[in-house]
Amino acid sequence: MYNPFIEITDDTETDAGIIQDILEGNTVSLEKLVYRHQAWIFNIALKMVFDPDDAEDVTQEILLKIITHLSSYNPEKGTFRAWLYRIAANHVLNMKTRKREIPMSGRELAESYPMSEENIEDTRLSGRPEYRVLVEEAKNMCLTGILLCLERKQRLAFILGELFSISSSMGAEIMEITDAGFRTHLSRARKKVENFVAHRCGLLNPENPCRCAGHIKNLISSGWVDSSDPRLTRESLKKISSIAVEKVTMVNDEIHSALQLFRDQPFYNGPDMVARMKELIGKHELSDLPELQ
């Protein structure tokens, strides 16, 4: 699939060409642009806000910002992908606090992350056909929820640098900070996540106390999981690790395994935003769409 973080020198349909077509009123090119980036933006948004419905709203808000600001893109000042994902980064860093962020705000991973090791597996569930799906849902919820304990800049740096494996220079350009600043945010986030997972997660070490299956009952009773509609274990394109930029990480085996848990999460298809954008734009000329600040 198209990866905006990998250089493609022989791409006959460049973003620059698509942008020019869009500004000339070509709605087909607009669809191509949305298709290229909607899944990537959605996956960033989902890791930032946890809730799929919120992530869809955030994705729409970002895409609308991008579309209404296309005429302001200046190729002499940088690549289009950096410009586009800078808009996405600014949005997720400065948006209002989302509903799943509120209970996690200010929590420290090591002290108060709500996935408690005291939960015990309800073995009565193990005979249900959807049991394995619910175990996977608990795992995906836990790994995604862990990131909510990071402050937003660290969270975004971890998503870009660790999950998608983009370079520190590109991450810095997207977040509009120095290379050293990006590496600092990433290092602090990585250390917090590694320390927590290494000492708590049974997936990493069988001697650790936390088990995905032990959370199913509480997640269902608390309303975080709908057993008939597991939201984070739905159709995905593939694993994050299979579409991210290849990068050698010089870390020990335990740390590598901890990070690999996050990279092996699904890279989601996300919603089809083309129809939404067409509906919004169909009511206006592109030049008349309100710019979102």
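The numbers here are math on the coordinates, done by the rules we state, and not lab data. Since this is a predicted model, take the numbers as computed values, not measurements. Positions of Cβ are generated from backbone atoms using ideal geometry, with glycine treated the same way; all protein chains shown enter the neighbour counts.
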Study note, to complete from the structure: Lys99 and Asn205 label points (each 7 Å along its Cα→Cβ direction) are spaced in nm at 3.7
Review point. Of the cross-linked pairs Lys32/Lys99; Lys153/Lys217; Lys99/Lys192; Lys32/Lys153; Lys32/Lys239; Lys153/Lys238, which ones have a Cα-Cα span greater than 28 Å in the structure shown?
Key: Lys32/Lys99; Lys153/Lys217; Lys32/Lys153
Review point. According to a simple spin-label model (label point 7 Å from Cα along Cα-to-Cβ), what is the distance in nm between Tyr35 and Ser167?
Key: 3.0
Point to revise | Length released on extending from Ser242 to Gln260, taking residue separation times 0.36 nm less the Cα-Cα span | key: 5.3 nm
Study note, to complete from the structure: Amide H neighbours of Phe267 at under 5 Å, excluding residues fewer than 5 places away on the same chain, with H built from the backbone geometry, are Leu237, Lys238, Lys239, Ile240
